[in-house]
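Q: Sharing a structure, written as structure tokens. Questions coming.
Just so you know, all these numbers are worked out from the coordinates, no wet-lab data involved. Since the structure is predicted, the reported quantities are computational estimates derived from the model, not experimental observations. We place every Cβ from the backbone using ideal geometry, glycine too, and count neighbours over all the protein chains shown.
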Amino acid sequence: MLAGATFLATTSTAKTLKAVGWVMFGFGGFVCLLNFYLVVIRHRLYRLRERQAEYRNISGFPFIGTIAVLFSLICRLPLWAWIVGIVLAALDLGGPHWFIAIMVWQLRKGGGAPGATERGKNRARAQGLKPD
């Protein structure tokens, strides 16, 4: 009797975990695609319609989409969901992997944060020092 109860509890938990995985996959996928649209597609649509003056940069939901998709992948989803999830995470330009890649690129390029060198030169000029 105890073994049967354990089996039912395990099966119920596995089904619940899989359902949560699919919900997180759908939510995370939507957020990843929304971030991609806001960063890449929306700007080009405004430029194409010649409404550049009306364009305002709108931030999506950084980190949330990628984290939700990657969490869903540990919930025993099929192989095609893994492949689609990895593609969605790669498209999420607000994800942690892109943040790390940009920071590494900036450090290897020799600068700190974007514009940090120029700010330092302007600060030196304002203080009457000779910038390098």
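Q: Just rank Phe30, Phe61, Phe25, fewest to most, by other beta-carbon atoms within 10 angstrom.
A: Details: Phe30 15, Phe61 18, Phe25 22.
Final ranking by Cβ density, sparse to dense: Phe30, Phe61, Phe25.
Q: Could you line up Met103, Met24 from fewest to most neighbouring Cβ atoms inside 10 Å? Mind showing how you got there, number by number?
A: Numbers: Met103 12, Met24 21.
Listing Met103, Met24 from fewest to most nearby Cβ atoms yields Met103, Met24.
Q: If you place +1 on the Cβ of every Lys and Arg and -1 on the Cβ of every Asp and Glu, how big does the dipole about the Cα centre of the range 2-94 come out, in debye to the nearest 20?
A: Details: 9 positive and 3 negative charges, 36 e Å.
In debye, rounded to 20, the range 2-94 gives about 180.
Q: Restricting attention to the alpha-carbon atoms of the range 2-94, what are Rg (one decimal) and Dmax (integer), both in Å?
A: Every Cα atom of the range 2-94 included, Rg and Dmax give 18.5, 70 Å.
Q: Please find the FRET efficiency linking Lys18 to Phe63, where r is the Cβ-Cβ separation and R0 is fixed at 25 Å, and quote it to the nearest 0.05.
A: Working: r = 24 Å, r/R0 = 0.96.
The formula returns an efficiency of 0.55 here.
Q: Next up: Could you check the spin-label model distance between Leu34 and Arg56? Points 7 Å from the Cα along Cα→Cβ, value in nm.
A: The two pseudo-label positions are separated by 1.7 nm.
Q: Rank the residues Ile64, Ile86 as a footprinting-exposure proxy: fewest other Cβ atoms within 10 Å of their Cβ go first. Kindly include the intermediate steps, with their values, before the conclusion.
A: Working: Ile64 18, Ile86 13.
So the residues, fewest neighbours to most, are Ile86, Ile64.
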